[in-house]
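Colleague: I'd like to ask you about the structure that follows.
Where a number appears in this text, it was derived from the coordinates with a stated rule and is not lab data. Computed from a predicted structure; not experimentally measured. Every residue, glycine among them, receives a Cβ derived from its backbone with ideal geometry; neighbour counts consider all protein chains shown.
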Amino acid sequence: MKKYRTIYLLITLMFTLGFNSCEKEDAEIEFDTIPVANEALDIRPTEFRISWQPIFRSSGYQLDVSLDETFSTFVSGYNSKSINGFQEIITDLSNNTRYFYRVRGLLNGVPTENSNVVSVVTRFIPDEVITLKSSASNFFVGVAVNPDRIADSQYMEVYEREFNSVTAENAMKMANIITGIDAMMNISYDWSKADAIVDYAEEKGMNIHGHALIWHESVPNALTNFTGTDAQFEAIVEDYITTTVTRYKDKVDSWDVVNEAIIDNSTSLRASIFRQKMGENYLEKCFQFARNADPNVKLFYNDYNMVTDPLKRSGALREIDKLIASNLLDGVGYQMHINIENPSEAEMQTATNELVSRNVLIHYSELDVRTNLNGQSTTFTEQRSFAQSDKVREVTRVYNSIPDANKYALTLWGLKDDDSWITPRFNVLDWPLLFDNEFGKKEAYSGFIEGLQ
Ligand code: G3I
């Protein structure tokens with residue numbers, strides 16, 4: 001008896017569970033009666049791919065693509081076009097043009113209501129007369145150069161066509177111009193590379209941004225090994241800043257006086273040799289030396305990860321505010337070594353607004369956009385090329401939102417992909433710049449101009 005009762009209970013339980021779960025499934029099934037159009041994908045200058053979520057028992061779909069939101073100017077062939085699947089590639093479109101699309105299902109041959117309307121803008125192709133510099137109003141478009149490249153006719157042609165400002169990638173750094181310090185504390189210099197760049201830019205009428213007077217990563221051995229007192233160390237730094245700024249007075253338009261003074265993920269000053277020997281207020285001292293040497297040259301503080309690292313940014317802003325209060329600072333450089341995923345446009349805008357509210361000149365000073373984030377790519381795919389273009393467009397769009405009075409320059413950290421510091425430094429292939437290795441314009445070149453339209 002007990003055995004039958006157990007079986008009876010088990011069967012009842014199974015039925016109850018099964019019945020309940022069927023009931024639940026029935027309740028959850030709700031069929032859409034209108035298709036939902038998805039955002040466009042694979043957007044190109046003359047085409048894009050659209051898709052939609054299918055509806056139950058539909059025998060097909062009708063697609064409209066139009067140049068206006070009220071669907072009065074249809075793209076040829078796309079007025080109630082019959083489609084059997086759930087997607088379509090629309091081709092032969094115009095570049096940089098906004099289109100709208102919607103779709104209807106067919107139930108027993110009768111069209112449903114229209115789906116939502118989705119809009120999409122085809123990618124931009126700049127015409128041949130537009131260049132990087134001509135697309136920028138009220139600010140300079142710069143490029144990092146070195147002495148070999150400014151003597152190479154292929155580079156020169158692109159530099160002069162596209163840019164109106166230069167920064168020496170390495171030639172004006174302290175370790176590259178100071179060759180020694182003797183026992184009498186006389187400094188010896190090799191100006192040849194820095195002079196070559198300044199002479200070139202002067203001859204071509206380009207703006208010159210000096211980079212960088214004080215940087216903890218560019219300290220000549222003679223200074224690292226200096227055994228004199230802290231006061232003597234400071235006197236050497238003053239002598240060097242005075243000599244360098246004076247040499248290029250009326251030629252160099254602006255200087256990064258101090259570069260990268262703040263520790264990552266922190267608000268603290270780095271314990272650099274300058275901080276150790278000259279004290280907590282070494283920035284003010286260095287800016288004052290530069291100001292004394294040339295009251296007209298624009299003085300900048302420059303740093304990296306200023307968008308993505310809010311702690312670091314707040315540390316930098318603390319120093320920047322002190323320099324502003326002492327009337328020693330004209331501008332700030334956000335380096336912008338970024339990648340196709342980060343930072344977001346909103347983050348760039350927030351970080352940039354911090355400078356606008358301080359009414360300083362703003363330099364996006366070392367732009368490059370990494371694409372090979374996991375280091376596994378061996379080719380520059382079309383997908384990454386478009387993603388890079390999108391990120392560059394965001395950068396220039398945010399830069400363009402800056403009031404004219406606060407714009408200074410937007411500088412690319414090199415011309416061609418194979419010039420970039422990224423591959424040698426991180427030992428990883430990448431394609432971070434606006435021109436390919438054959439001096440060809442990449443998608444990112446179009447993105448740069450598009451953000452400024
Ligand atoms: O010129 C020598 C060459 O003779 C030698 O064979 C070769 C072997 O390593 O080194 C060459 O020098 C290299 C130099 O770049 C020129 O290519 C240095 O080792 C290398 O350290 C140096 O890297 C530069 C780096 O700063 C350090 O100064 C990068 O080109 C330059 O892009 C990079 O720029 C910095 C900015 O100044 C500040 N912000 C970050 C940015 C990227 O690190």
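Colleague: Beyond 18 Å, how much of the Cα-Cα pair distribution for region 36-121 remains, as a whole percent?
Modeller: When every Cα pair of region 36-121 is considered, 36 percent fall beyond 18 Å.
Colleague: Oh, and also: If the cut-off is 15 Å between C-alpha atoms, which aspartates and glutamates fall inside it for LYS442, apart from same-chain ones fewer than 8 positions away?
Modeller: ASP127, GLU128, GLU162, ASP368, GLU382, ASP390, ASP417, ASP418, ASP419, ASP430, GLU450
Colleague: Over the chain, what is the percentage of antiparallel beta bridges among all DSSP beta bridges, to the nearest 5?
Modeller: 45
Colleague: What's the Kirkwood radius of region 168-209 in Å, using all Cα pairs?
Modeller: Roughly 11.4 Å, rounded to one decimal.
Colleague: Could you work out how much longer the chain between SER76 and GLN376 gets when fully extended? Use 0.36 nm per residue separation minus the Cα distance between them, nm to one decimal.
Modeller: 103.7 nm
Colleague: Over the alpha-carbon set of region 407-453, work out the extent along each principal axis and list the three values in angstrom, largest first.
Modeller: 36, 24, 14
Colleague: Hey, what angle do you get for helix 382-400 against the long axis of the chain, alpha-carbon based, 0 to 90 degrees rounded to 10?
Modeller: Once rounded, one gets 60 degrees.
Colleague: What is the Cα coordinate range of the chain on the first, second and third principal axes, sorted by size from largest, in whole angstrom?
Modeller: Projected onto its principal axes, the Cα set of the chain covers 107, 72, 41 Å.
Colleague: Could you work out how far helix 192-203 tilts from the main Cα principal axis of the chain, as a 0 to 90 degree angle to the nearest 10?
Modeller: Approximately 70 degrees, to the nearest ten.
Colleague: Could I ask something else about it? Could you please tell me the mean projected area of the C-alpha convex hull for region 303-442, averaged over all directions and given in square nanometres to one decimal?
Modeller: Projected area, direction-averaged: 8.7 nm².
Colleague: Let me ask you something else. Can you give the angle from 0 to 90° between the axis of helix 2-28 and the longest principal axis of the chain, with both taken from C-alpha atoms, to the nearest 10?
Modeller: Orientation of helix 2-28: about 70 degrees from the principal axis.
Colleague: Whole number please: convex hull volume per residue of the Cα set in region 232-368, in Å³?
Modeller: Measuring per residue, one finds 102 Å³ for the Cα hull of region 232-368.
Colleague: Running Debye on region 36-79 with equal point scatterers at the Cα sites and no solvent, what base-10 log of I(q)/I(0) appears at q = 0.14, 0.33 Å⁻¹?
Modeller: So the normalised log intensities are -0.41, -1.17.
Colleague: How many percent of all Cα-Cα pairs in region 345-397 sit more than 12 Å apart?
Modeller: 72
Colleague: Something else now. Just to be sure I understand the model, the point goes 7 Å from the Cα along the line to the Cβ. What's the resulting SER188 to GLN276 distance in nm?
Modeller: The answer from the label model is 2.6 nm.
Colleague: Another one. Can you compute the modelled spin-label distance between ASN95 and ASN108, with each label point 7 Å from Cα toward Cβ, in nm?
Modeller: So the label points at ASN95 and ASN108 sit 5.0 nm apart.
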